[in-house]
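Just so it is clear, none of the values below were taken in a lab; they were calculated from the coordinates. The model shown is predicted, which means the values in this text are computed figures rather than measured ones. So basically every Cβ, Gly included, is an ideal-geometry build from the backbone, and we count neighbours across all protein chains shown.
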There are 2 protein chains.
Amino acid sequence: MPSDSSVDSAPDAPPRESVVDLLGALAYGELSAFAHLAADAELAPTLAGRRQMSAMAATELGHHQQLAARLVELGAAPDEVMAPFIAALESYHSLTEPSTWLESVVKAYVGDGMAADFYREVAAFTDDATAELIGRVLVDAGRAEFAVREVQAAIAAQPVVAGRLALWARRLVGEAISQTQHVLADRDSLTELIVRGAGDLAGIGSLITRITDRHAERMTALGLDS
Amino acid sequence: MPSDSSVDSAPDAPPRESVVDLLGALAYGELSAFAHLAADAELAPTLAGRRQMSAMAATELGHHQQLAARLVELGAAPDEVMAPFIAALESYHSLTEPSTWLESVVKAYVGDGMAADFYREVAAFTDDATAELIGRVLVDAGRAEFAVREVQAAIAAQPVVAGRLALWARRLVGEAISQTQHVLADRDSLTELIVRGAGDLAGIGSLITRITDRHAERMTALGLDS
């Protein structure tokens with residue numbers, strides 16, 4: 001069964017390899033997000049903040065488990081299909097290690113938000129079951145409200161913070177784009193999935209525009225210049 | 001309602017303060033266990049091990065949330081009632097920081113197992129709803145099997161490991177007892193709960209014997225001298 005070259009039998013179904021790669025990248029992304037959010041929770045100035053970021057971490061681990069279970073259903077070994085994505089994701093995290101609580105909050109909202117938008121766009125090019133699963137594991141679950149409250153309160157207390165956090169957000173975006181390019185250069189199956197799904201260069205352009213627009217909305221919600 | 005001095009209206013119900021303290025200690029214990037297991041997961045030599053310890057961490061966070069919810073039901077503020085227990089629990093963790101994967105596995109099974117036995121014993125002296133909740137959040141959930149498999153495989157490959165891990169387990173037990181004594185010296189409500197529940201010195205003696213016996217069983221299961 002897993003030897004079939006596509007996830008379902010429809011003639012225009014995406015190749016199984018692309019779907020497995022996408023799920024593998026996202027599954028490792030969630031495992032890695034778990035570890036980094038759990039560590040960043042220790043930066044919280046209050047128990048309430050620490051509990052909230054710890055809860056986000058636990059939620060990511062739950063999503064990781066759902067993605068790993070789907071990979072097993074597809075006949076893939078989660079640990080094997082996650083392996084090619086470890087280096088890029090860990091590079092992203094080590095290049096964007098927050099040194100303050102507010103940096104970790106902005107990262108959890110802006111960085112993870114942009115990654116989620118990217119996965120959602122690519123998921124639309126896969127089969128229905130995969131797209132549905134990815135949509136389900138990428139729910140925001142109150143993270144926006146939390147980040148907006150923390151960052152706006154900090155800016156109100158000390159306006160100079162806004163400029164520093166805006167710079168920090170630009171660094172997050174820069175590193176996220178750079179690591180995504182590394183992954184795509186390495187994994188033809190994912191590049192093909194995007195090119196085939198977007199149709200042409202104009203399609204890819206509007207995909208990037210949608211991701212950029214949603215990023216700008218998040219920055220505005222935080223009260224930061226994008 | 002929360003101003004009532006006991007959790008339910010039975011005349012022999014434990015004082016509300018003891019129950020709140022016990023739930024507060026355990027709630028912080030679970031939050032702290034979450035953070036330390038999540039960090040220790042990074043020591044895993046394989047993705048499978050890392051995923052398994054990360055899943056344990058996420059489970060602890062879920063337990064923390066259930067205990068916090070119960071505290072809110074009792075009219076208590078979780079962050080306030082957890083605060084007095086932070087120092088002792090963090091001391092335990094900083095004095096028993098694992099330096100290898102196997103040390104972290106033994107800590108997750110032997111250290112957390114002994115703590116769970118202690119909480120279970122004390123929970124028996126509270127009201128039914130509290131005892132039931134504490135019993136529910138202290139389920140082992142496959143941790144024994146996992147620890148036994150990892151440790152026995154390591155000992156089979158390199159028998160000298162057994163002696164080192166047995167010493168490590170003794171250190172865990174020593175620090176756990178020492179921090180428990182600090183907490184009890186500080187919190188009269190908890191000492192009273194235990195003294196009242198156990199009945200007399202003989203009762204306390206048999207409580208300690210039960211905890212020690214279960215610890216010895218875990219050590220035997222791992223193939224370690226206790």
* Structure fact -> Most exposed first, judged by fewest Cβ atoms within 10 angstrom, A:His215, A:His182, A:His63 run A:His182, A:His215, A:His63
* Can you find, among B:Ser32, B:His64, B:Phe146, the residue farthest towards the positive end of the dipole of region B:1-153? Put +1 on the C-beta of Lys and Arg, -1 on that of Asp and Glu. => B:Phe146
* Structure fact -> Residues B:Ser91, A:Ser18 in order from fewest to most other beta-carbon atoms within 10 Å are B:Ser91, A:Ser18
* To do: Starting from the Cα gyration tensor of region A:161-226, take the square roots of the eigenvalues, sort them a ≥ b ≥ c, and report rounded, prolate or oblate (rounded when a/c is under 1.5, otherwise prolate if a/b is larger than b/c, else oblate).
  => oblate
* If you build a Gaussian network model of chain B, linking Cα atoms that sit under 10 Å apart, which residue out of B:Gln158, B:Gln52, B:Gln65 swings the most? -> B:Gln158
* Structure fact -> Here the FRET efficiency for B:Ala185 versus A:Ser206, based on Cβ atoms and R0 = 56 Å and rounded to 0.05, is 0.25
* region A:33-153 shape via C-alpha gyration tensor axes, a/c threshold 1.5 -> prolate
* To do: Indicate the gyration tensor shape class of region B:39-87 (rounded, prolate or oblate), computed on the Cα atoms with a ≥ b ≥ c the square roots of the eigenvalues: a/c under 1.5 is rounded; otherwise a/b larger than b/c is prolate and the rest oblate.
  => oblate
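In what sequence do A:Tyr119, A:Tyr109 fall when counting other Cβ within 10 Å, fewest first? Walk me through the numbers before you get to the answer.
Details: A:Tyr119 19, A:Tyr109 26.
Placing the least packed residue first, the sequence is A:Tyr119, A:Tyr109.
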* Asked: Where in region B:151-179 is the amide nitrogen less than 15 Å from a point lying 7 Å along the Cα-to-Cβ axis of B:Leu95?
  -> B:168-179
* Asked: How large is the dipole of chain A about the Cα centre if only Lys and Arg carry +1 and Asp and Glu carry -1, each at its Cβ, rounded to the nearest 20 debye?
  -> 900
* For chain B, modelled as a Gaussian network with Cα springs under 10 Å, which listed residue fluctuates most, B:Phe146, B:Phe85, B:Phe34? -> B:Phe146
